[in-house]
Structures are given as structure tokens and as C-alpha cells.
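K.L.:
I am attaching a structure below and will ask some questions about it afterwards.
The values are calculated or read from the model by the stated rules, or taken from the named source; none is laboratory data. Note that the structure is predicted; figures quoted are calculated from it, not measured. As a convention, Cβ positions derive from the backbone with ideal geometry for all residues, glycine included, and neighbour counts pool all protein chains shown. Note: accessible area is taken over every heavy atom of the protein model, side chains too, but ligands, DNA and RNA are not part of it. Shrake-Rupley method; radii C 1.70, N 1.55, O 1.52, S 1.80 Å.
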Amino acid sequence: MRWLGALALLGACGGSGHAPTADAGPVSLVLDIPNGPLDPQGYTSVEIVLHEPAGDVTRTASVDSNGNFDLDRIDPSNSVSVEATLRNASGAAVGYGRTAVSSALAAGAQITVPVRRPIAYIAGTGKKPTDNSPTVEPATFSDLSSGAALDGTAQVGTSAALVVAAGPSLYAVAQAVDANGALTGPAQILPISTADHSMGSALQGSMTGAVIDGAGSDDGSTLVIGTTTELFAVDTASGAARVLTDGSFARVAVVVTGGGELDAVAIKNRASTTATPCAATAELWWVPITGGAAPHMVATGGFADVAADRGHAYYVDACKGELGEVTAAAVQMLRTLPGTGPSASPPVGRPTALAVSSGQAYIGVELPPVNATPATSSLLVASITDPGTGAARPLWTVAAQQVIQVTGLTEVQRLLGASAVVFNHLEVGAGGDYVALTTSAQFHGDEIAEAGFPDTTMDTEELWVFAAATGGVVQRYRSWCSGSFLAGAGDFQQWQCAAAASQSVPASGALGHHVGSMTFLFGKK
């Protein structure tokens with residue numbers, strides 16, 4: 001391992017009654033970085049955030065050529081968790097990490113913070129170019145510290161239906177695919193090195209049902225995987241996989257309570273988000289992982305997504321158009337969202353995706369076509385620590401469109417507007433610097449015989465990564481574009497999908513993905 005060390009000198013007590021004096025000795029704050037090609041590079045400063053019971057303390061320091069930095073004097077504390085962000089000369093995050101649990105900040109203490117590059121991973125199924133048969137693809141990734149456009153050639157492992165992060169650790173969920181493209185057979189967990197992306201041997205446990213979603217604990221000890229038949233907990237040390245409860249669980253998040261207990265919050269029987277009328281039959285479940293209580297349903301409704309942050313769990317209800325908090329006992333509405341739910345006239349949007357980080361909620365809203373405007377996706381940002389103040393702010397909105405062009409005659413083009421757009425994943429990375437999402441969209445165009453345009457149906461999937469502070473697009477990658485053409489005798493017969501401005505697509509020879517998962521190391525969903 002390569003260790004980047006710092007000394008944070010203890011200051012005066014600050015009234016706690018337990019701290020040593022200012023000269024009682026230093027605290028060692030150690031940033032743990034893998035010794036490999038994926039080490040963070042190009043950093044010139046470090047930003048440390050200490051989360052203490054009385055509030056947050058932030059320190060920023062320059063990093064010298066030997067990797068040392070000085071954070072000045074910091075008051076002692078009985079309980080502190082730490083976030084660390086490595087930044088380059090322009091201020092961009094090139095490394096991020098956080099402690100999994102709170103520790104005492106006292107004289108002689110050593111606190112270790114694992115730090116990793118900000119990398120967004122996607123994985124899922126595709127089709128072989130040789131015979132168009134379904135296959136499970138290697139995962140691909142976008143290294144946000146490098147600035148390179150994603151093109152599908154950066155691959156991880158041999159096949160991954162899902163990739164799941166657990167703090168500084170990364171895992172692939174491998175499962176076979178049948179002739180119709182559906183996941184089938186036992187699912188296994190394989191560790192992926194965050195030092196060099198090498199894949200290790202499968203853990204001993206396996207899971208049944210087609211895998212749908214997964215989440216990990218910050219300490220890397222536990223994965224929670226939702227399948228079409230059960231909700232599983234996987235012990236990453238022993239490899240054991242155990243059933244937590246039965247049912248089809250499409251969205252999961254991991255909550256760490258104040259006492260250190262791990263719980264899962266999950267959505268069972270999640271309905272289609274584009275169905276009309278809105279289905280309010282999804283079940284919101286609270287599932288203890290390390291505690292002794294029994295899994296139980298908390299509420300039913302139009303629950304579409306869940307998220308967890310700092311010991312709290314949250315949800316969005318697509319039918320009511322609301323953001324709320326869930327506990328083991330009940331749900332509590334925190335705020336209604338503009339332009340969504342039954343209060344909108346007419347209802348035009350549904351909140352269907354959620355991520356929460358450092359008091360900020362990121363909410364994905366799906367809007368159907370209105371008049372000549374195609375189906376639209378919108379990303380809102382709202383305070384979750386003080387929901388009574390401040391309106392939800394739009395960070396990004398785009399009407400989904402796709403240009404198709406005649407193969408070999410690319411000047412002949414047709415613009416299609418989406419009939420539906422769906423949020424599949426939403427996650428915050430690098431401590432809140434980046435927010436990433438994936439969407440799928442459906443397009444249809446009737447035949448225009450006089451122009452030689454056939455009846456066309458298209459499906460696309462995209463990964464978007466934004467700078468959370470500004471909404472600026474950092475990465476836009478169309479992982480999939482495929483369709484069918486009912487061509488008449490006078491129609492153009494061969495078509496291909498065109499790339500939009502600032503959009504990257506799979507390179508020649510790289511296989512596309514139906515995105516089954518998207519995750520960051522140290523991500524928040």
C-alpha cells in the first residue's frame with residue numbers, strides 16, 4: 001500500500017471536558033491509496049471534512065512533492081467521521097474517500113481514510129456482433145479524473161450483469177443470459193481490484209432469481225442484492241449469501257444506524273414508471289441486516305426509488321410527487337415536488353429516481369410528451385436537511401431525441417422524438433462533486449413513403465455525468481441504440497444511429513450495453 005500521511009495538531013478542548021491540551025500530541029490522518037495504476041494522480045491539494053456532532057469542520061491544505069500536508073490545529077472530538085478529497089490545480093476532484101464509522105479524534109489517534117479515483121462504472125447485457133445473440137458484457141467505466149470520453153473499450157472483468165460498490169471495494173455480479181436476453185441461473189459475486197481492475201475468484205455464495213439492483217456498506221463488509229425472487233445479503237469476507245426476505249426487489253439502499261447496525265431499505269413490486277394511471281401498489285420495506293428485528297413492509301404507494309445518507313433513508317413517490325424519509329416504523333413526507341403528482345395541473349411529471357449526499361437530494365423526474373415536445377428527463381436538486389425552505393432547483397433538463405441516418409448516405413437523416421424516457425439509475429460520486437444517471441428512451445416514427453422513410457421503432461440507453469455544482473455535462477455516453485424498420489419497396493433499407501454533439505458512442509468493435517447497473521466507488525444512491 002502507498003500511504004499519504006498528514007498531522008492534524010489537536011487544539012484546545014472547546015468545552016467538551018475530555019480533550020487533552022494543545023501540546024498533548026498529534027493526530028495521524030492517513031489517506032490509504034492503492035499501490036497500482038489506478039492511484040489518484042495530479043493532485044495538488046487535499047480537502048478534509050470532519051463530521052462532528054456539533055457540525056462540520058472543513059480544512060484545505062496544499063500537498064507537497066512528498067505527499068505531506070498540514071491541516072493546522074483541530075479540536076478533539078469523541079466522535080468524528082472523515083471525508084477526504086484530492087483536487088488538482090483546477091479544483092477538480094481526482095480522488096475521494098471517507099471513513100465508514102465515527103472515531104475519536106484524540107491525542108495519538110490514527111484515522112485511516114481509503115481514497116480512490118472518481119470512477120463511474122456501468123454493466124449489463126448486450127448482443128454478440130457475430131450472430132446478434134444475447135450476452136453478458138464486461139463492465140465499462142468512465143474515469144472522471146482523466147477527462148477521456150467513454151467509448152466502451154475500457155473494460156472490467158469478463159462479464160458483469162451488475163457492478164456494486166461497497167466503500168472502497170468493487171464487485172461484479174455474474175449471471176448467465178438466456179436466448180431472450182433475460183438473466184437466468186445462479187448469480188455469483190466476484191471482487192474487482194480497485195488498484196488495477198483485475199478480477200478475483202468468485203465468492204462461495206450464490207443467489208437465485210434475475211439480479212436487478214445492489215448496494216454496499218461503506219465499510220465494504222456487506223452487499224445487498226435485489227433479485228426477482230429474493231433480497232440477499234452477502235458477507236464479502238466469508239462469501240456467504242443469505243436470504244433476507246422473499247419477493248421481487250428492484251431498488252435497494254443500505255442504512256447505517258447511529259448504533260452501527262446495518263439495515264436495508266428496499267422497494268418490492270416496483271411498478272412501471274410510465275404506466276397510466278400511476279400504480280400505487282409498490283411496497284416499501286425495512287430489512288435489518290445485522291440486527292435481530294424481522295423484515296417488514298412499512299408502507300404501500302407509488303414508491304419509485306430509495307436512497308440513504310448519514311444514518312437516514314429517503315424515498316420518492318412517483319404518484320404523489322413527493323420526497324420523504326422512511327424509518328423502520330413509518331414514512332414522513334418532506335416536500336412535494338414542482339410539476340409532479342396530483343397537485344400539478346395537469347400532472348406532467350413523475351419523480352422516479354433519487355440520490356442523497358450531504359443534505360442535498362437529487363431527484364430524477366420523467367415527463368411524458370406534451371404537444372410537440374418529446375418525452376423529457378429532468379434532474380432536480382433540493383435541500384433535505386431543511387425541506388421547508390428553498391424550492392427544488394432544476395439542474396438539468398433535456399427532451400430526448402435521436403437522429404438516425406441512412407447507412408452509407410449519412411446526409412439523409414430523420415429526427416425522432418421520444419415517446420417515453422425512463423430513469424434507470426442515479427448516484428452521487430466524489431462526495432458530491434459529480435452526479436451520474438442512466439436513462440432509456442423509446443422512439444417511434446410512422447412511415448413517410450414520399451421521403452423513403454420506413455416505419456421505425458428505436459430504443460436507446462445513455463449515461464450522463466454532471467458537475468453537481470453547475471449541471472455542466474462531464475460525460476455523455478450512448479451505450480445502446482437499436483431498433484426495427486418496417487421498410488416498404490420504395491423506402492431506404494439500411495439505417496444507423498447518429499451521435500449527437502458532445503455524445504460519445506461505443507467504438508468500433510466495442511459492444512454496447514443495456515445498462516443493468518451504474519455505480520461510483522464511495523457513491524451515494
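K.L.:
Given Cβ point charges of +1 (Lys, Arg) and -1 (Asp, Glu) and nothing else, what value in debye, to the nearest 20, does the dipole of region 382-479 about its Cα centre take?
P.N.:
It works out to roughly 340 debye.
K.L.:
Right, here's the next one. Please state the equivalent ellipsoid semi-axes for the chain: what are the square roots of 5 times the Cα gyration tensor eigenvalues, largest first, in whole Å?
P.N.:
40, 26, 23
K.L.:
Next question. Taking a probe of 1.4 Å, how large is the accessible area per residue of region 180-296, in Å²?
P.N.:
Spelled out: the 1.4 Å probe surface of region 180-296, per residue, equals 39 Å².
K.L.:
Pop out the ³J(HN,Hα) list for region 468-475 in order, Karplus 6.51 cos²θ - 1.76 cosθ + 1.60 with θ = phi - 60°, rounded to Hz; leave Gly and Pro as x.
P.N.:
Each residue of region 468-475 in turn: 5, 6, 10, x, x, 6, 8, 8 Hz.
K.L.:
Taking 0.36 nm per intervening residue step and subtracting the Cα-Cα distance, what contour gain separates residue 391 from residue 131 on full extension?
P.N.:
That works out to 88.5 nm of additional length.
K.L.:
Using R₀ = 30 Å, calculate the FRET efficiency as 1/(1 + (r/R₀)^6) where r is the Cβ-Cβ separation of residue 448 and residue 398; round to 0.05.
P.N.:
That gives a FRET efficiency of 0.75.
K.L.:
Give the long-range amide H neighbours of residue 161: residues separated by 5 or more places, or on another chain, with amide H under 5 Å away, using H modelled in the peptide plane at 1.01 Å from N.
P.N.:
For residue 161, the qualifying residues are 173, 174, 175.
K.L.:
Can you list residues from other chains, or at least 5 along the same chain, whose modelled amide H is less than 5 Å from the amide H of residue 396?
P.N.:
The answer is 379.
K.L.:
Something else now. Work out the length of the dipole vector of the chain about its Cα centre, built from +1 on the beta-carbon of each Lys and Arg and -1 on the beta-carbon of each Asp and Glu, and round it to the nearest 20 debye.
P.N.:
The calculation lands at about 160 debye.
K.L.:
Using the Cα atoms of region 391-522 to build a convex hull, what is its mean projected area in square nanometres?
P.N.:
Dividing the Cα hull surface by four gives the mean projection, 9.7 nm².
K.L.:
How compact and how long is region 284-351, expressed as Rg and Dmax of its alpha-carbon atoms in Å?
P.N.:
For region 284-351, the Cα-based Rg and Dmax read 13.3, 46 Å.
K.L.:
Past the 29 angstrom mark, what percentage of all C-alpha to C-alpha distances in region 54-204 do you count?
P.N.:
So the portion of pairs separated by more than 29 Å is 37 percent.
K.L.:
How high is the FRET efficiency from residue 299 to residue 208, r the C-beta distance, R0 35 Å, rounded to 0.05?
P.N.:
Efficiency, from the Cβ-Cβ distance: 0.80.
K.L.:
I would also like to ask the following. Would you please classify the overall shape of region 234-317 from the alpha carbon gyration tensor, given that a ≥ b ≥ c denote the square roots of the eigenvalues, rounded means a/c under 1.5, and beyond that prolate means a/b larger than b/c while oblate covers the rest?
P.N.:
Prolate is the answer for region 234-317, as a/c is 1.5 or above and a/b outweighs b/c.
K.L.:
Okay, next question. For region 105-123 and region 162-202, write down the distance between their C-alpha centroids in whole Å.
P.N.:
Cα centroid to Cα centroid, the span is 23 Å.
K.L.:
Right, here's the next one. Compute the length gained on full extension between residue 68 and residue 496: take 0.36 nm times their separation in residues and subtract their Cα-Cα distance, giving the result in nm to one decimal.
P.N.:
148.8 nm
K.L.:
Provide the per residue accessible area, probe 1.4 Å, for region 46-138, rounded to a whole number of square angstrom.
P.N.:
42
K.L.:
Given a 1.4 angstrom probe, I'd like the percentage of the accessible area of region 463-505 that is carbon and sulfur, rounded to a whole number.
P.N.:
55
K.L.:
Further question: Which whole-number percent gives the relative contact order of region 340-484, counting Cα pairs below 8 Å spaced six or more residues apart?
P.N.:
16
K.L.:
Also, I was wondering about something else. What ³J(HN,Hα) values, in whole Hz, does the Karplus curve 6.51 cos²θ - 1.76 cosθ + 1.60 give for region 304-317 when θ = phi - 60°, with x put for Gly and Pro?
P.N.:
10, 7, 9, 8, 9, 7, 6, x, 10, 10, 9, 9, 10, 10
K.L.:
While we're on this one: With point charges of +1 on the Cβ of Lys and Arg and -1 on the Cβ of Asp and Glu, referenced to the Cα centre of region 27-98, which listed residue (38, 67, 57) lies farthest in the positive direction of the dipole?
P.N.:
38
K.L.:
By its C-alpha gyration tensor, with a ≥ b ≥ c as the square roots of the eigenvalues, how is region 127-190 shaped: rounded for a/c under 1.5, else prolate for a/b larger than b/c, else oblate?
P.N.:
Verdict is oblate for region 127-190.
K.L.:
On to the next question. Just to confirm a number: summing +1 for Lys and Arg and -1 for Asp and Glu over residues other than residue 333 whose beta-carbon lies under 9 angstrom from that of residue 333, what do you get?
P.N.:
My count for the surroundings of residue 333 gives -1.
K.L.:
Given H placed on each backbone N at 1.01 Å, which residues far from residue 424 in sequence or on other chains put an amide H within less than 5 Å of it?
P.N.:
Residues meeting the amide H criterion: 438, 439, 440.
K.L.:
Right, another one. Just to check I understand the Karplus step: with θ = phi - 60° and J = 6.51 cos²θ - 1.76 cosθ + 1.60, what whole-Hz values come out for region 281-291, glycine and proline as x?
P.N.:
Coupling constants for region 281-291: 10, 6, 10, 9, 10, 10, 10, x, 9, 9, x Hz.
K.L.:
Averaging sequence separations of C-alpha pairs under 8 Å and six or more residues apart, then dividing by the length of region 197-291, give the relative contact order as a whole percent.
P.N.:
21
K.L.:
Tell me, what is the FRET efficiency for residue 279 and residue 112 to the nearest 0.05, using R0 = 35 angstrom and their Cβ-Cβ distance as r?
P.N.:
0.15
K.L.:
Normalising by the residue count of the chain, find the relative contact order in percent from Cα pairs under 8 Å and 6+ residues apart.
P.N.:
The value is 11 percent.
K.L.:
Another question about this same structure. Between the alpha-carbon centers of region 318-368 and region 234-253, tell me the distance in whole angstrom.
P.N.:
Comparing the Cα centres of region 318-368 and region 234-253, I get a distance of 27 Å.
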